[in-house]
Structure formats: C-alpha cells, structure tokens
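Inspection log for the structure reproduced underneath, given as structure tokens.
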Amino acid sequence: MGDHHHGPAKGLSRWLFTTNHKDIGTMYLWFSFAMFLLGGTFAMIIRAELFQPGMQLVEPAFFNQMTTLHGLVMVFGAIMPSFVGLANWLIPMMIGAPDMALPRLNNWSFWILPPAFLLLASTLFMEGGAPAAGWTFYAPLSTTYAGPSVTIFIFCIHILGVSSIMGSINIIATVMNMRAPGMSYMKMPLFVWTWLITAFLLVAVMPVLAGAVTMMLMDVHFGTSFFSAAGGGDPVLFQHIFWFFGHPEVYIIILPAFGVVSQIIPAFSRKPLFGYDSMVYATAAIAFLSFIVWAHHMYTVGMPVAGELFFMYATMLIAVPTGVKVFNWITTMWRGALTFETPMLFCIGFLVLFTIGGFTGLMLSIAPADFQYHDSYFVVAHFHYVMVAGAVFSMTAAVYFWLPKWCGKMYNETMGKTHFWISFIAFNVTFFPQHFVGLAGMPRRIPDYSLQFADFNMMSSIGAFVYGASQLLFLYNVIATIVAGKPVSDDKVWDGAEGLEWTVATPAPYHTFEVPPKIDPAHAHF
Amino acid sequence: MTAQTSTAHENYYVPEKSKMAVMATIGLVLSVFGAANVMNDMTFGEPGVSSNSKFIMYTGLAVFGATLFAWFRQAIRENLAGMNSAQLKKSYVLGMGWFIFSEVMFFAAFFGALFYVRNLVGPWLAGEGDGGRMNHLLWEGFQFSWPMMQTPQEAVGGAGSQLIANNGTFTSAHKSMAFAEASAWYLWLPLWNTLILLSSSVTVHIAHMGLLDNNRRKFNLWLGLTVFLGVVFVCLQALEYYEAYAHFGLTLNSGIYGSTFFMLTGFHGFHVLMGTFMLAVQLYRSVRGGHFTANDHFGFEGSSWYWHFVDVVWVFLFLFIYIL
Ligand code: HEM
Ligand SMILES: [Cu+2]
C-alpha cells in the first residue's frame, strides 16, 4: 500500500485506474487535442459551406448544428481540458508537491469527460439532429423549440460541470495546501497563480451554468415557465444567467493562457518577469471584474439605460488590468537577450493578436456602437482573436515549451517554426477579413450571405483550411518527438528557464518531489 | 503555511491505483443517459411504447451508489489505518469547504432568477417602465403581484388567445404559501420547518461539543436528535407539497411563482435529505464503529458544515419565498 517508488502500471489499467498527476495530465492533453480535431472538423464544414454565397453543401438546419457543436466542443472539450491537463502536469512540479491533493478525484474528473462528449456527439444521429441553438443555447430556441437532443445536451453540461468543479477544487486544495515549505504565495510561478484564480472562477460559475440548464430542463419537461413570458418568466432571464457564467468563462479560458505566456516570455528573454506583483493583482482584478460585466453580451435585448451604462463602463475597466499585463510582457522582453524558438514565436504571436482582440473587445464594449456590431462577423472575429490566437496559441506554445521536459526529447525546431508561420498567417487570413464583413453587416450563424461578402469569405475559408491542415503538422511533430526525438541532455532544457519543474530529471520521473525541495529564500519569485 | 514541516510532506499519501473513478463514471453516465431518455420518452415519446430507459437509469444509480459507498468506506478505512497525514486531512477540509461554496453558487442562480423576476420582469410584463411597452400588445390586462396569482397567459384569456409561442398552459394557484393565506398561524408549516431546522443547527453543534469533550453519549444523543429533526423537516416538506398540489392548485405549472417555489424549496429539500443521510451515516459510524475522537472527526465535521449551510439557505428561503 502506498508504495511510491515503483513506476507506472502496464497496459490499459495504467490509464484507467491511475492516480498520477502526470498520467492524468497526459490524458487530458490528448483528449483535448482529439476534441480540437473534432471541433475543427465542424469548423471546416462551416467554412466549406461559406466558401461561396448560396447554399452549397449542407442543409441550413445541419449548418446550425455545426456552429453549435463547433463552439461547444472547442470551448468545453478542447480549450478548457487542455489547460486542465497542463495544470495537472505542471502545478505539482512547480510548487514542489508530490502529486495533486486529491488524486482519485482527479482521475474521476478526467474520466467523466470522454463519455460526456461521446453522448454530445451522438446527438448528431438522433431524431431531429444535434442541438442547434448556438453554443450560447438561448431560450426559447433551446426550450420551446427544443428537440430530444437538448435533453442529452443538458445532462452533458451537467457532467462537464461536475468535472470542472471537482478539477478546480483539486487545484485549489493543491495550491493552498501542497506548496513546498518556503514557496509562499507571492513566490509562486504565475502559471500557478492564474490557475488558482481560474479555479476559483470555475467553482463560482459552473454551478450557475448548472442552474441555467436545470431551469431549461424543467421548462422543457416539467411545465415550469422560467423562460416563458406566458407564465410570468422571461427568455432574457436565460441570457442573464448564461452570461453570468459566460463572461467569467471567457476569462477561465484566457487566464491560464496568461500564465503560460508569463512563464515562457521570461525564459526566452533571459530576464525575470517584469512586474510580478502587478501581474498577480491584475489577474485578481480581472477575475473580480469578470463578475460584473456579463450584460455587455446583451446590449441589444432592451435593458434599461442605466444597465447599459453600468455594463459599458465596467467592461471598459477590464482593459486596464489587461493592459497592465500586455505592458509587463513587452517590458520583460525589452533589452532581453531574445531568441525566437517556437514557444517564443507562439507567445509573440499571442501578444500581437490577443492585443488586437482586446481592442476589438473595447470597440464592442461601447454600447451604442455594439448595436451595429452585435451578432455580426465582427464579434466572430473578436472572439477568435482572443480564443484562438489567445488561448490556443499559448497552449501550443506550452506544448512546445514543456514537451522536452515531459518526454525527454526535443521536437524538430524547423517543423515547429513552420507550424508557427503557417498558423500565424493562416489565422489572420481566416479571421482578419471577418472584421470587415462584420462591420459591413454580415450576420453570424447564417449559412448564406449577400454577394458583396463573397471575396472576403472565400479568403476566410481558404485561410481556415490551411490553418486546419497546419495542426496536423503539429500533431505529426509531437508524435515524431515522442517516438523518435533527439534526447535532451540538459535537465533545464532551455537555458533561460526558471522554476522547480526544470530542476527534476529529464524526462520527468513518474513521481517527483516526494520529499519537498529546498526553496532558496533569496529567490524573489519563480 | 510556513508551519508545514517536511515530514508532513513525506507522508502525504498518494494512492497508487484505484478503480473507483472508472466505476463512478460508469454509474454516473448510465444514470444521466437513462434519466435523459426517461424524460424524452415522457415528453417526446409515443405513449404506450415501452423503452429500457428506466432500467438503464436505475442500473446506473445502483452502480453509482455502490461505488460511492465503497469509495467513502475506503477513505474512512485509510484514515483509521493512520495513513492520512495532517496535511492530507487539510486537503479534505479544503475540498469540502470549496464544495459547499459551489453549492452556494448553485442556489444563487435560482435566487437570482427569483429576484430578477420579482423586481424587473413582473412589472415589465404588467406594463411598467421602458420594459413595459409591449404590455398592451402581448399581455393586455396583466397585473403583477407577488405571489403571482394570475399568469400573463390567463390575463389574456388562455393559451389560445396568446400571441407568442410557449411551452404549454400555465394555470396559477388559487392559494399561495404566504402567511396571510394560512388558516391559523400554527397551521403554517414553514414556521414549524424554520423552528425545526434552526434548532437542528443547535443540536448538531451540541453534539460537536460533546465530541470535543470526549463525551460519546452526549454526541450520539444530540446527533441522533439532529437526524430526527432532519427527517421531520423532510416529512413536513412533503406534506406541504401534497397540500400545494391537492388543495392550493399550486404546481410546477403555476407560472413563475410555482416554478420558483418548487425549484428553490425542492432543491433545498433535496439537500436536507442529503444532509440528513450524511449525518445518519456519521451517527451509525459512531454508534456501531466507535469512530471519531476529539481531534479526528472530519467525517462528522464536514457533514455538520453541510448541515449549517442547508440551514442558512433555508433562512433565505423563508425570507424570500414565504415572508416577503
Ligand atoms: C479587453 C477585454 C475584452 C472586452 C472589452 C470584450 C468585450 C466583448 C463584448 C462587448 C462582446 C459582446 C459582443 C456582442 O455580442 O455584440 C464580446 C464577445 C465575446 N468575447 Fe470578448 N471581450 C474581451 C476579451 C475577451 C476574451 C479574453 C475572451 C476569451 C478568451 C473573449 C471572448 C468573447 C466571446 C467568446 C464572445 C462572443 C460570445 C458569443 O456571443 O458567442 N473576450 N466581448
Ligand atoms: Cu464578455
């Protein structure tokens, strides 16, 4: 019992029954990549349909199912689990802990995800098709007009919620309770900080989402009228509850990405992170503000003017701590001994493109202007700049950065850089034109469009196909590294890398820090 | 945090392998898949066509329940075997605390819905303010009051004459749960339920003090009393629901008043049931197994936190559902 010293079990049971944070992290990462490809396939179908005006390939109803599933799978299946995987791998190693605080619960948090997404994907084959009300599944589309697949979908959301809440509780307990002696809060690596705050956000808002889908379930099957005006309820109530979850959710997606970038940029600038303390406070400020801005998604539903104004000013405030972060990253690079390996390239790509996304967010936050932008492709462009170039780019950077530590082998740098440049260019070809068609009035989530949008849409589609294909190069590079990469000789891997995870052997042994490391008190922070 | 010693770290117990997670997954997924299909059969299915949804759901619940039982038993045994360092125990404490916080947020969603409807939507539907401009088009004649004793649908003369699509017929209650409607103050169940639940928070606290004094008899006695009060609460709640359906015309279909009433009290009642069960398990452990000592009793303490939480939720319910 409790013999820590042997390695992993053999065969399938290693993965099914594991309690090891590295195994579980690996499973999360592979699962999220699989979901990335699945969600990507849906996106390819969307872009193929939009390649030219007129109805091309799919029925409108199926198109709606594609936009819905694309959003749901990418948000809940690809981005969120990928960062949980990263948290599993890195947090214990970064704070000098032997494992996550609650290892069995950790395994359960992971294993309920694959069946939930299997169920969700299976709704494609149900009578009436998959849910089609968009990833935001507004009532009454998702209640009055719901088909049987919505019921399955609701329970999937419940399972995802349970998984996120348990995973987050685990992360909070780990960070609060498992730090090596001397690793005080204000010494923790920023990735740990951003995840601690993210986990708090998750525990706070996933239950609210659970409440929202429960009300839907009751409206659909048990005759309640939460979202039905005829009974004294209100469909707009759904939007309020959804976005009370939804806006913090977008920060749940981006905060761990901020953490990753804050680890990688100093490493390739060979300088400590500029403004560590202000980074921590900015993260906390963003998290706080994220609770009081939700109705900027609802400017056009007919809120009282006081509401419009409150949410407008509160939203604009978020730009302040976000700006603090961007300036800190740039200042970290300032006069650093910069080199541009693949992880750094992706981080710089993140910095440039996320900032563009932040600016379009600021445009959208202006309530009167948003009456024009709302539900247009401009919004689509905005959130892909922050979610793809923000979250996905930084996740990709993280994989390149830590992969050598995980598997002890170096990826192919040329292939990595090629992946970056194709991704960077294809991403912009895909999404930059969407700003223009959006401003010119092209609505989102519609399978056909007016002729004047044809050229930009064709560009978008071509960019999307190239971006999609370039991810296969990434997959190939990762597999090739694991199977036949060049072994890494140095435990530190990157000469500028700092932090406890670089002090363990390479590849990282199955169990690390069974005895907590000595923390050098002279070290300001990690 | 600085108090952590390195020995605490060395002893942190990381279980090597466990089948629990996979078993619990199978149970949970079967349960929800079955439940979803039971509901779909009910709403969308052809009447009279039998399906195996119920069987799937019950199988799932059985597997899930059995797994949780085994899981908790194992955790308890590990603790009795002395495998849990002080640091591991703190992980459990943190876990329970944050779990309760997540529950608070779940209730917050329903309370938020209640406040939004009572303060904004109701007046708007009745034509007040900027939001009320559609009143004369859609819900002519609707007057808002709380408890809502006439739905907008009824105000315009029923589902047939309503201008927008909806999910069904919303028939309001003829009598609400408000104090004013009770025939005598001592027949107003929420009052008794409040007294019961508040005193149960006291009894569970006295039990805790007994445990801290190493007084097992006191502990068992007061814990037993708490469990008893919990059971009485659930029974009274069931009686109230029976009254609502049988004599008040208050149902899930009674518009937003019925919706919020049943969802809030229902989820609360379910949590009381869970809490009672948790405390009953602790009682059983103490009586039969002699578990818990003055300085090692997290199973009990966690359950009692949960109990206090359920109590606090009730206070808010009492205020905003029954009184105001
Ligand atoms: C400077 C910070 C930001 C501001 C001021 C901002 C503002 C906004 C506003 C006002 C909208 C609503 C537009 C509309 O529907 O008319 C919006 C949409 C959206 N934003 Fe942002 N945003 C910011 C950053 C982010 C970040 C970091 C993410 C995620 C990583 C994000 C994800 C989204 C998403 C997903 C939507 C679209 C939701 C939907 O309708 O499907 N935003 N943003
Ligand atoms: Cu937002």
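Give the average over all directions of the projected area of the C-alpha convex hull of the protein assembly as shown, one decimal, in nm². Let's see the in-between values first.
Numbers: hull surface 145.3 nm².
Its average projected convex-hull area is 36.3 nm².
The 3J(HN,Hα) values that the Karplus relation (6.51, -1.76, 1.60; θ = phi - 60°) gives for region B:59-68 are, in residue order, 4, x, 4, 5, 4, 4, x, 4, 5, 4 Hz. Gly and Pro appear as x. With no solvent and one equal point scatterer placed on each C-alpha of chain B, evaluate the Debye formula and give log10 I(q)/I(0) for q = 0.08, 0.09 Å⁻¹, two decimals. Treating every Cα as an identical point scatterer, log10 I(q)/I(0) equals -0.53, -0.65.
In this simple spin-label model, placing a label point 7 Å from the Cα along the Cα-to-Cβ direction at both B:Tyr245 and A:Gln372 gives a separation of 5.7 nm. Each residue of region A:199-213 was assigned a 3J(HN,Hα) from its phi angle through the Karplus expression (A = 6.51, B = -1.76, C = 1.60, θ = phi - 60°), giving 4, 4, 4, 5, 5, 7, 10, 4, x, 5, 4, 4, x, 4, 6 Hz with x at Gly and Pro. Note on A:Lys492: lysines with a C-alpha under 30 Å away, same-chain residues under 8 apart excluded, are A:Lys10, A:Lys22, A:Lys187, A:Lys271, A:Lys325, A:Lys405, A:Lys409, A:Lys417, A:Lys518. Angle of helix A:148-177 to the longest C-alpha principal axis of chain A, folded into 0 to 90 degrees and rounded to 10: 30°. A Stokes-Einstein calculation at 20 °C with viscosity 1.002 mPa s, built on the Kirkwood radius of region A:405-465 over Cα pairs, returns a diffusion coefficient of 157 µm²/s. For peptide B:114-125, the mean count of partner chain Cβ atoms within 10 Å of a residue's Cβ comes to 3.
Near A:Met410, the amide H atoms lying under 5 Å from its own belong to A:Lys486, A:Val488; only residues 5 or more places off or on other chains count, and H is placed 1.01 Å from N. Quick check on region B:77-165: take the gyration tensor over C-alpha atoms, sort the square-rooted eigenvalues as a ≥ b ≥ c, and tell me if it's rounded (a/c under 1.5), prolate or oblate. It is prolate, given that a/c is not under 1.5 and a/b is the larger ratio. Remark: accessible area buried at the B-A interface is about 6800 Å², both chains counted, probe radius 1.4 Å.
Of the peptides B:172-180, A:486-494, the ranking by mean beta-carbon count within 10 Å, highest at the top, reads B:172-180, A:486-494. Take each peptide in A:86-98, A:199-211, B:278-290, B:88-100, count the other Cβ atoms within 10 Å of every residue, and average; sorted highest first, the result is A:86-98, A:199-211, B:88-100, B:278-290.
Can you tell me how region B:1-114 classifies by the Cα gyration tensor, rounded, prolate or oblate, using a/c under 1.5 as the rounded cut? Oblate is the answer for region B:1-114, as a/c is 1.5 or above yet b/c matches or exceeds a/b. Where does helix A:276-289 land angle-wise versus the long Cα axis of chain A, in degrees 0 to 90, nearest 10? Between helix and principal axis, roughly 30 degrees.
A simple rule links phi to the HN-Hα coupling: the Karplus curve 6.51 cos²θ - 1.76 cosθ + 1.60 with θ = phi - 60°, which for region A:303-320 gives 7, x, 4, 4, x, 3, 5, 4, 5, 5, 5, 4, 5, 4, 4, 4, 4, 5 Hz, with x for Gly and Pro.
In Å², what does the accessible area per residue of region B:15-83 work out to with a 1.4 Å probe?
On the way: 3860 Å² over 69 residues.
Computed with neighbouring chains in place, this is 56 Å² per residue.
Taking amide H as placed 1.01 Å from N in the peptide plane, the amide H of A:Gly233 sits under 5 Å from that of A:Ser228, B:Ile256, each at least 5 places away or on another chain. The spread of Cα positions in region B:166-257, taken along each principal axis and listed from longest to shortest, comes to 59, 32, 17 Å.
Within 10 Å of each Cβ in peptide B:147-159, how many partner chain Cβ atoms are there on average? Round it to a whole number, please. Walk me through the numbers on the way to the answer.
Details: counts 0, 2, 0, 1, 7, 7, 6, 3, 2, 1, 0, 1, 1.
Across the residues of B:147-159, the mean count of other-chain Cβ atoms within 10 Å is 2.
Here the relative contact order of region B:84-323, from alpha carbon pairs under 8 Å that lie six or more residues apart, stands at 20 percent.
If packing is taken as the average count of other Cβ atoms within 10 Å, what order do A:340-350, B:52-62, A:410-420 fall into, highest mean first?
Values: A:340-350: 23.4, B:52-62: 15.9, A:410-420: 18.1.
Most protected by this proxy first, the peptides run A:340-350, A:410-420, B:52-62.
Across every direction, the projection of the convex hull enclosing the Cα atoms of region A:16-502 has a mean area of 22.2 nm².
In terms of the ratio Rg/(2.2 N^0.38 Å) built on C-alpha atoms, what value belongs to region B:105-219?
Numbers: Rg = 22.3 Å, N = 115, 2.2 N^0.38 = 13.4 Å.
In units of the 2.2 N^0.38 Å rule of thumb, it is 1.67.
Among the residues of A:234-246, the average count of other protein chain beta-carbon atoms within 10 Å of the residue beta-carbon is 3. Could you state the angle between the C-alpha long axis of helix A:80-95 and the longest principal axis of the C-alpha atoms of chain A, as a value from 0 to 90 degrees rounded to the nearest 10? Once rounded, the angle reads 20 degrees.
Report the relative contact order of region A:16-502, percent, no decimals, based on alpha-carbon pairs under 8 angstrom and at least 6 residues apart. Result for region A:16-502 is 16 percent.
The values are calculated or read from the model by the stated rules, or taken from the named source; none is laboratory data. Predicted model, so just to flag it, every value in this text is computed and none were measured. Heads up, the Cβs are rebuilt from the backbone with ideal geometry, glycines too, and the neighbour counts pull from every protein chain shown. All accessible areas refer to the heavy atoms of the entire protein, side chains included, with ligands and DNA or RNA removed. Shrake-Rupley method; radii C 1.70, N 1.55, O 1.52, S 1.80 Å.
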